[in-house]
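Visitor: Following this message is one structure expressed as structure tokens.
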Amino acid sequence: MTKTVIVTGSSSGIGRDIARAFVARGDNVVVNGRDADKLAEVAAELGALAQVATFAGDIGSPATGSALVQAAVERFGGVDVLVNNAGIFGAKPFVDVTEADLDSYLGGNLKGTYFTTQAVVRQLQRQARGGSIVNIGTVLVNHALAGLPASAALISKGGVHALTTSLAAELAADRIRVNAVAPGIIRTPLFGDGDETASGRLALLNRIGEVSETTAAVLYLADAEFTTGHIFPVDGGFISGRAA
Ligand SMILES: NC(=O)c1ccc[n+]([C@@H]2O[C@H](COP(=O)([O-])OP(=O)(O)OC[C@H]3O[C@@H](n4cnc5c(N)ncnc54)[C@H](OP(=O)(O)O)[C@@H]3O)[C@@H](O)[C@H]2O)c1
């Protein structure tokens, strides 16, 4: 059955590949990012314009979540899957973090995920046929690195992990499943010109990951009818052990 999928932050990196994969298997996708030009470029690249709707907006504003749902309903008749991927990340020592830094992470990564999910869940409850939400967290929430101080970014992602398990319980009666993928280090524009060899050494598999590998986990969780409340690491073994 064709599904309709909203993927936030799908103009780049992990989200862009997730949108590509859903379109490739015949699903309808609503793509999103803050930069309208970048979004239009990605939509054109996806090629199957009949399956793609775009909405440019900051998920930190609750109006964006409502607009994404409206786009899905108007273009495709409803929504089945939400992938909360949009997010920013940066390292900064704890004592240097400003209120503006904190507001930026909490506003986009956490509040954005919260209100986008709220808009989608209201629609899923109206439809009364269940649904699936896949959040993108990070393994660094539980396995932090001294050399990458990122408390501001990580408390926002910790909130996303907590939201995942909390909503899995609250929404199970509606047959709405809520899971998360927790990536390790994945090659995207966010990784930039990071040291691939040093970062790869953090994983048992001795390399960084590719977007196709996070996408595979998202597709699985979107479809896995007996899986909810799970936070699934895609990290090359980063959290499971040390290479030496
Ligand atoms: N790459 C990694 O190693 C890694 C590891 C762990 C977790 N993650 C998580 O994976 C997700 C995707 O990261 P990525 O590596 O693919 O980064 P990326 O290439 O920088 O892509 C981020 C996407 O999110 C959009 N975005 C950011 N903030 C937004 C907001 N407030 N509202 C709407 N769109 C927003 C960006 O577009 P605009 O800038 O145009 O808005 C872009 O499309 C993020 O949540 C990130 O924290 C990544």
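Visitor: As I understand it, the value is the acute angle between the Cα axis of helix 211-223 and the longest principal axis of the Cα atoms of the chain; what does it come to in degrees, rounded to 10?
Guide: 50 degrees
Visitor: List the residues whose amide H sits under 5 Å from the amide H of Ile186, counting only those 5 or more places along or on another chain, with H placed 1.01 Å from N in the peptide plane.
Guide: Amide H neighbours of Ile186, under 5 Å, 5+ apart: Gly209.
Visitor: To the nearest 20 debye, what charge dipole does the chain have about its Cα centre, counting +1 at the Cβ of each Lys and Arg and -1 at the Cβ of each Asp and Glu?
Guide: Dipole of the chain, to the nearest 20 debye: 520 debye.
Visitor: Shifting gears a bit: For Ala162, project a label point 7 Å along Cα to C-beta. Then give me every residue of the range 88-118 with its amide nitrogen under 19 Å of that point.
Guide: From the range 88-118, the list is 88, 102-118.
Visitor: Then there is this: Give me Arg129, Arg75, Arg177, Arg187 ranked fewest to most by other Cβ atoms within 10 Å of their Cβ, as a rough exposure proxy.
Guide: If I rank by nearby Cβ atoms, fewest first, I get Arg129, Arg75, Arg187, Arg177.
Visitor: List, in order, the whole-Hz ³J(HN,Hα) value for each residue of the range 60-71 obtained from phi through the Karplus relation with A = 6.51, B = -1.76, C = 1.60 and θ = phi - 60°; use x for Gly and Pro.
Guide: x, 9, x, 4, 5, x, 5, 5, 5, 5, 4, 4
Visitor: Please state the relative contact order of the chain as a whole percent: Cα pairs under 8 Å, 6+ residues apart?
Guide: 19 percent
Visitor: As a check on your grasp of the helix formula, calculate [θ] at 222 nm for the chain: sum -39500 (n - 2.57) over DSSP H runs of n ≥ 4, divide by the residue count, round to the nearest 500.
Guide: -12500 deg cm²/dmol
Visitor: Additional query: Along each principal axis of its Cα atoms, how long is the chain end to end? Whole angstroms, biggest number first, please.
Guide: If we take the Cα atoms of the chain, the spans are 51, 38, 37 Å.
Visitor: Quick one: Karplus J couplings for the range 162-179, per residue in order, coefficients 6.51, -1.76, 1.60, θ = phi - 60°, nearest Hz, x for Gly and Pro?
Guide: Taking θ as phi minus 60°, the curve returns 5, 4, 4, 6, 5, 6, 4, 6, 5, 9, 4, 5, 8, 6, 9, 8, 10, 9 Hz for the range 162-179.
Visitor: Grab every C-alpha pair in the range 92-144, bin the distances at 10 angstrom width from 0 up to the longest one, and report whole percents.
Guide: It works out to 19, 37, 27, 14, 4, in whole percents.
Visitor: Most mobile of Ala168, Ala40, Ala91 per a Gaussian network model of the chain (Cα springs, under 10 Å)?
Guide: Maximum among the listed residues: Ala91.
Visitor: Scan around Asn135 for amide H atoms under 5 Å from its own, H built in the peptide plane at 1.01 Å from N, and keep only partners 5 or more places away or cross-chain.
Guide: Placed amide hydrogens put Asn84, Asn179, Ala180, Val181 under 5 Å from Asn135.
Visitor: Let me ask something else about it. Cut-off is 10 Å between beta-carbons; in what order do Arg175, Arg25 appear when sorted fewest neighbours first?
Guide: If I rank by nearby Cβ atoms, fewest first, I get Arg25, Arg175.
Visitor: Follow-up. For the residues Thr165, Thr8, Thr117, Thr228, what sequence is obtained by ranking on other C-beta atoms within 10 Å, fewest first?
Guide: Thr165, Thr228, Thr117, Thr8
Visitor: Another question about this same structure. Under the Karplus relation 6.51 cos²θ - 1.76 cosθ + 1.60, θ = phi - 60°, what is the ordered set of whole-Hz ³J(HN,Hα) values for the range 238-244, x standing for Gly and Pro?
Guide: Working through the residues one at a time gives 3, 8, 8, x, 10, 5, 8 Hz.
Quick note: the coordinates plus some simple rules give every number you see, no bench work behind them. Note that the coordinates shown come from a computational prediction; the quantities given were computed from them, not determined experimentally. Neighbour counts are summed over all protein chains in view; Cβ atoms, including those assigned to glycine, are modelled from backbone coordinates with ideal geometry.
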